[in-house]
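See structure below.
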Amino acid sequence: TPNGLWQVREAHGEAVCEVGTPVKCGQMIRMTHVTTMNNLHTHGIKSPLSNQHEVTGFGGGNGDGDRGDNWKVVCDGGGYFSSSAEYWERSSPIMLQSETTGRYLGSSSSVQFTQQNCGRNCPIMNHLEVFARNSNDQYTQWKVEMGVHLYK
């Protein structure tokens, strides 16, 4: 859905990257939500359901932010899965590791917002909690499923 689209951008504090430039494994990036223009962000605050680190949309709706928005593209899972790729490949799983906390972006179907844990008028009812965790495991694998992909 359009509400689930994120733009891959240069990391906070880095020079603007040219559209269509391949993303290297190990490169720092920033993910900006296309609809709200807020950045995927983490910090040391405990997440409400899983007690990991909270992940939020951060910024004033203009794509600006801070280093808490920077994520390293990890193409080799350090034993969990293995890849010798030089670049982030659309068909391959990756992990995103926070520059500021060292934690990995994760989610699990067992951590869902419901009426019981979020209230009757919960604005994110039935959504999964996204969190940052110490482990790089099955909960921290991400794969691109849809989007607009531009190549040079």
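Among (i) 1.76; (ii) 1.45; (iii) 0.96, only one was calculated for this model; which label is it, if the read-out is Rg/Rh (Cα atoms, Kirkwood Rh)? Calculated Rg/Rh (Cα atoms, Kirkwood Rh): the matching label is (iii). By definition, a body whose alpha carbon gyration tensor gives a ≥ b ≥ c is prolate when a/c is 1.5 or more and a/b is larger than b/c, and the range 92-147 fits this prolate description. Residues L40, L128, L49, sorted by accessible area with the largest first, give L128, L49, L40 [1.4 Å probe; ligands and nucleic acids excluded]. Springs between alpha-carbon pairs under 10 angstrom, Gaussian network model over the chain: which of C25, C17, C118 fluctuates most? Result: C118 has the largest fluctuation of those listed. The gain in end-to-end length when the Q7 to N51 segment is fully stretched comes to 13.1 nm, 0.36 nm per residue minus the alpha carbon separation.
Taking all protein chains into account, the per residue accessible area for the range 1-124 stands at 55 Å² (1.4 Å probe). For the charge dipole of the chain, defined by +1 on Lys and Arg C-beta atoms and -1 on Asp and Glu C-beta atoms about the Cα centroid, which residue among V144, S108, A11 has the Cα displaced farthest towards the positive pole? After comparing all options, I get S108. Remark: the H127-E86 segment gains 11.4 nm on full extension, using 0.36 nm per residue and subtracting the alpha carbon distance. Model label sites at S110 and V144, defined 7 Å from Cα along the beta-carbon direction, differ in position by 3.1 nm. For the range 8-152, a simple Cβ point-charge model (Lys and Arg +1, Asp and Glu -1, everything else neutral) yields a dipole of about 240 debye relative to the Cα centre. Only helical runs count toward this figure. For the chain, summing -39,500 (n - 2.57) over DSSP H runs of n ≥ 4 and dividing by all residues gives -500 deg cm²/dmol at 222 nm.
Top to bottom by accessible area (1.4 Å), largest first, where do I124, I45, I94 land?
Values: I124 65, I45 95, I94 5 Å².
Largest accessible area first, the list is I45, I124, I94.
Of W88, W71, the order by accessible heavy-atom surface (1.4 Å probe, DNA, RNA and ligands excluded), from most exposed downward, is W88, W71.
Length gain on complete extension for the stretch D76 to T100, per 0.36 nm per residue less the alpha carbon to alpha carbon distance? Walk me through the numbers on the way to the answer.
Details: separation 24, 0.36 × 24 = 8.64 nm, distance 1.98 nm.
Net length gain for the segment: 6.7 nm.
Computing the accessible area with a 1.4 Å probe over protein heavy atoms, can you report the carbon and sulfur percentage for the chain? Walk me through the numbers on the way to the answer.
Details: 4340 of 8920 Å².
So the carbon and sulfur contribution to the accessible surface is 49 percent.
The values are calculated or read from the model by the stated rules, or taken from the named source; none is laboratory data. Note that this is a predicted model, so its numbers are computed, not measured. Virtual Cβ from ideal backbone geometry, glycine too; neighbours counted across all protein chains shown. Ligands, DNA and RNA are stripped out before the accessible areas are found, and what is left, the full protein with its side chains, is counted by its heavy atoms. Shrake-Rupley method; radii C 1.70, N 1.55, O 1.52, S 1.80 Å.
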